[in-house]
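Worksheet for the structure shown next.
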Amino acid sequence: MKVAICERKGSFSDYWKIYCEKKCIPFKVVDVYRNDILEQIADCDAFMWHFSHLDYKDALFAKQLLYSIELSGKKVFPDFRTVWHFDDKLGQKYLFESINAPLVPTYVFYTKEDALDWINRVTLPKVFKLRGGAGASNVCLVRSRRQGVKLIKKAFSSGFEQYNSFYLLKERYRKFCQKEIGLTFLLKSFLRCFIKPDFLRLSPKEKGYVYFQDFISGNETDTRIVVVGNKIIGERRGVRKGDFRASGSHILLPDVSKVDIRCVKLAYELSVELKLQIGVFDFIHHNGMPLVVEVSYGTDPDYTECEGYWDEKLAFVHSPINLPEIIIENFLNLH
Ligand SMILES: Nc1ncnc2c1ncn2[C@@H]1O[C@H](COP(=O)(O)OP(=O)(O)O)[C@@H](O)[C@H]1O
Ligand SMILES: [Mg+2]
């Protein structure tokens, strides 16, 4: 088995290369942005790419390339079942509803009239989200009808950028105050508000739909569960101060005794049912019951703060966690 690995610094690929070297698995680093990518992988049996939703190039063709390689008969990571709904909360609404998964009640509209009619009738607050984005960058609370109407009108006119530079600046300022990042990082975000990075210049605007969810109040954390094969990793993440959003807060709460085992079980069952190579789930709680917020294939490679994993029988196994290694081991059936 020869593996083609697409390199991206800071992604799973850093660890995959080390793993292949350690285990003497033949591998080759390939460049997906070159026109001859299919020739490059011709002598390989498998292809792995931890692409980024924040790179406009990856967003343009990563899924299409992966599906094509999978159709040609090679093993790919991530495969179709794992990735078609990635960075796509619209797709995930239909996916979870189709299997009766306990998704946070979600409402989507594809015309301004339908959306306005709805916002004038529902109880508030509601949570507004864009289809894509991570770290809660495109998630906000709608407290008033006026705010809801404004968002709807924008969605059906100029649309939204896929990443809000002012939001990033605010987030970086918060992290700067907490001494998590230095001044250079903060200044870079400031400049970004005026000089748009390629990702924003070249990505299409989000428009023509609106996505809302019921606001599930009282959650001081969310629960992040990652399932790969029969290993289930989990932790809670604290919400930002004075905010309802945990994603992107970097407040990691790995104490396993505080992780709701029902989330662990649910994430495992959903991963099996959906046949996912990896399922990175976020849960919140409503009246004590877990509700799914979203699923993803990609995540920060570093889960070393977690003290181990649950097996498929939900028994906890103490062990150091190297997530990218667990992924490649499971992918190559070497565990
Ligand atoms: N409907 C909701 N009600 C209450 N809190 C929510 C709701 N949806 C999301 N959250 C909170 O906001 C965070 C970000 O939402 P999420 O949909 O996961 O966006 P992202 O893709 O940016 O991570 C979640 O981690 C959770 O803490
Ligand atoms: Mg999330």
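The values are calculated or read from the model by the stated rules, or taken from the named source; none is laboratory data. Given the structure is predicted, the values throughout are model-derived calculations rather than measurements. Here the Cβ positions follow ideal geometry from the backbone for every residue, glycine too, while neighbour counts run over all protein chains shown.
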Please enumerate the residues belonging to segment 176-235 that are acidic (Asp, Glu) and farther than 30 Å from Glu113 by Cβ.
-> Glu180, Asp198, Glu220, Asp222, Glu235
Limited to segment 36-52, what total is found for residues that are surrounded by fewer than 21 Cβ atoms within 10 Å (Cβ to Cβ) and either in contact with a helix residue (DSSP H, G or I) (Cβ under 6 Å, 6 or more places away or on another chain) or without any contact (Cβ under 8 Å) to a residue 60 or more places away in the chain (or both)?
-> 10
The listed residue being within 11 Å of ligand 1 (Cβ to nearest atom) and of a type in the set (Val, Ile, Thr), out of Val76, Val104, Val122, Val83 = Val104
Failed condition for His50, given (1) over 28 Å from Ala136 (Cβ atoms); (2) in contact with a Cys (Cβ under 9 Å, 6 or more places away or on another chain); (3) not aromatic (Phe, Trp, Tyr), with all others met?
-> (1)
Condition broken by Tyr56, with the remaining ones in (1) over 19 Å from the mean Cα position of the chain (by Cα); (2) of a type in the set (Ser, Thr, Tyr); (3) surrounded by 13 or more Cβ atoms within 10 Å (Cβ to Cβ) satisfied | (1)
Restrict the check to segment 208-226 and report whether at least one residue is closer than 18 Å to Gly91 by Cβ, part of a loop (DSSP other than H, G, I, E, B) and in contact (Cβ under 8 Å) with a residue 24 or more places away in the chain.
-> yes
The one condition Val29 fails out of (1) part of a strand (DSSP E or B); (2) touching a residue at least 40 places away in the same chain (Cβ under 8 Å) is (2)
Failed condition for Ser98, given (1) surrounded by 14 or more Cβ atoms within 10 Å (Cβ to Cβ); (2) without any contact (Cβ under 8 Å) to a residue 40 or more places away in the chain, with all others met?
-> (1)
For segment 134-151 the number of residues that are within 16 Å of ligand 2 (Cβ to nearest atom) and in a loop (DSSP other than H, G, I, E, B) is 5
Considering segment 168-189 alone, what residues qualify as being of a type outside the set (Ser, Thr, Tyr) and either in contact with a Leu (Cβ under 7 Å, 6 or more places away or on another chain) or in the same structural domain as Lys241 (by TED's automatic domain parsing) (or both)?
-> Arg172, Phe176
Which of the residues belonging to segment 245-265 are more than 16 Å from ligand 2 (Cβ to nearest atom) and either touching a Pro at 6+ places or on another chain (Cβ under 7 Å) or assigned to a loop (DSSP other than H, G, I, E, B) (or both)?
-> Pro254, Asp255, Val259, Asp260, Arg262
For segment 260-302, name all the residues that are within 17 Å of the chain's Cα centre (by Cα), among the polar types (S, T, N, Q) and within 16 Å of ligand 1 (Cβ to nearest atom).
-> Ser296, Thr299
